[in-house]
Amino acid sequence: MKKKIAIITMGVKLNNEPGYSRFKYLSDFLSDAGYKVDLITTSFQHWEKAQRDIKKIRKDKYKFRLRFIYEPGYKKNVDLRRIISHKIAAANLRKLLKKVGNYDLIYCEIPPNDVALVAAKYAKKKNIPFVADINDLWPEAMRMVVDIPVISDILFYPLKRDAEKVYASVSGIVGTSDEYRDRPLKNQKLSVPKETVYVGNEIREFDEGVEKFSDGIEKSKDEFWVTYAGTIGTSYDIQTMVLVGKELEKRGKPWIKIKILGDGPMKEELERLSAECGCSNVEFAGYVPYGEMAAFLKKSDILVNSFVKKAPQSIVTKIGDYLAAGRPMINTCMSREFREKVKKDDFGINIEPENAVILADAVEKLYQNEARRKEMGRNARKTAEEQFDRPQSYKKIEELIKRLTEESKDENRNRT
């Protein structure tokens, strides 16, 4: 008999929505591996900040069962309304699990912490394995926006409390970086299987996008593109990229173009900054579909993983796409794990964040050394193929789930 698994996430790309496809891919992957999968997600689309057209989504064919829980939604990523929205989603998840349960294993994304806690408690009650998929750290990431002594401690205490309760309940851990994978062990004495599985991508899908959309993206022969793709928000140092455009113009290199792909809460503010600076070589291209983004990255000459100093992120979603493009990377993320990886795998350079002169110097240095750019690009593509390609890397998740479900079966048999 097929083992039945619930995969729970508040953020998944369905139909032709924007967003991340990690959990849809995992649902397909485990379905192909012989599991009966329920993908449980929310009625609210995080990236569009709107309610989903569920009837339209259900018209598509899926290898797994889709289940939706109602969530009222919110307008900002860090907002009291978001906390309330997740609380309501958690309550609705509790009702759904009580109604449709009977799973052999629960696999749940964290954050949101309160949603994950509901899943963890249900798994404990049913005496089944619970796997936490850790792809961000709350409340650590929240302090990027609200970091007030004492007040922030009080405000974020519920998030910290729920996180520790979830971590204490895990049967297995999957982290999107070593740092995230090991976070539950910081305050808990655990002896459970754990794996690092980068968010990654499907290189085949990336390459198909490049082939399909490259001809439609115009680039003059004398242009040199320095590109960022992703969220335009508090953690990401897009302001410095705008100022680098101005700095490069001052240095007499207006043909080095700064291309910024994506959307987010700070986009309009930074567009105004660009206009005020008179940065004619800075372009905000907005959100583009995945295939077109892949082609844009491939057309670029340098890619920038741009973060502010205090950003808590480690190895984020876009890294797989950056590497698949086979282009050198300038990294400003201060994660020790990722900076060591950049150096070890030799696909880019690490620099200090929030400094336009340093970033401009790094761009110029790579601009002047085509041979080194090509070498880093080859290393980037190799790293993508060996470590970030989902058809290979996600086998570690399947092996962990297989181990836990078999062990759980043996334990239950011994009890009887």
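What pairs can you find where one residue is in the range 365-384 and of a type in the set (S, T, N, Q), the other is not in a helix (DSSP H, G or I), and their Cβ atoms are less than 7 Å apart, with a gap of 6+ or different chains? Within 7 Å, the pairs are 379/346; 379/347; 383/347. For residue 174, only one of the following conditions fails: (1) surrounded by 21 or more Cβ atoms within 10 Å (Cβ to Cβ); (2) in a helix (DSSP H, G or I). What is its number? The failed condition is (2).
Go over the candidates 341, 396 one by one and state the one that is charged (D, E, K, R), surrounded by 16 or more Cβ atoms within 10 Å (Cβ to Cβ) and at pLDDT 95 or above. Break it down into steps so the answer makes sense when it comes.
Values: 396 fails: surrounded by 16 or more Cβ atoms within 10 Å (Cβ to Cβ).
Sole residue among the options that is charged (D, E, K, R), surrounded by 16 or more Cβ atoms within 10 Å (Cβ to Cβ) and at pLDDT 95 or above: 341.
Criterion applied to 299, 267, 310 was being out of contact with any strand residue (DSSP E or B) (no Cβ under 7 Å at 6 or more places or on another chain), touching a residue at least 12 places away in the same chain (Cβ under 8 Å) and surrounded by fewer than 20 Cβ atoms within 10 Å (Cβ to Cβ), and the one residue passing it is 310. Each residue in the range 25-67 was checked for being in contact with a Ser or Thr (Cβ under 9 Å, 6 or more places away or on another chain), closer than 24 Å to residue 392 by Cβ and without any contact (Cβ under 8 Å) to a residue 60 or more places away in the chain, and 5 of them qualify. Checking the stated criteria, residue 60 turns out not to satisfy the condition of being at pLDDT 95 or above, in the same structural domain as residue 181 (by TED's automatic domain parsing), among the charged types (D, E, K, R) and more than 22 Å from the chain's Cα centre (by Cα). Scanning the range 338-372 for residues that are within 17 Å of residue 258 (Cβ to Cβ) and either assigned to a helix (DSSP H, G or I) or in contact with a Gly (Cβ under 7 Å, 6 or more places away or on another chain) (or both) yields 356, 357, 358, 359, 360, 361, 362, 363, 364, 365, 366, 367.
Among the residues of the range 269-298, write down those that are of a type in the set (D, E, K, R) and closer than 16 Å to residue 320 by Cα.
292, 298
Which one of these does residue 124 not meet: (1) crowded, with 18+ Cβ neighbours inside 10 Å; (2) not small (Gly, Ala, Ser); (3) not in a strand (DSSP E or B)? In the conditions (1) crowded, with 18+ Cβ neighbours inside 10 Å; (2) not small (Gly, Ala, Ser); (3) not in a strand (DSSP E or B), residue 124 misses (1) alone. Counting only strands (runs of 3 or more DSSP E) that sit wholly inside the range 1-95, those with at least 2 residues that are closer than 26 Å to residue 291 by Cβ are 36-42.
The values are calculated or read from the model by the stated rules, or taken from the named source; none is laboratory data. Quick caveat, the model's predicted, so the values are computed rather than measured. Glycine also receives a Cβ, built like all others from the backbone with ideal geometry; neighbour counts cover every protein chain displayed.
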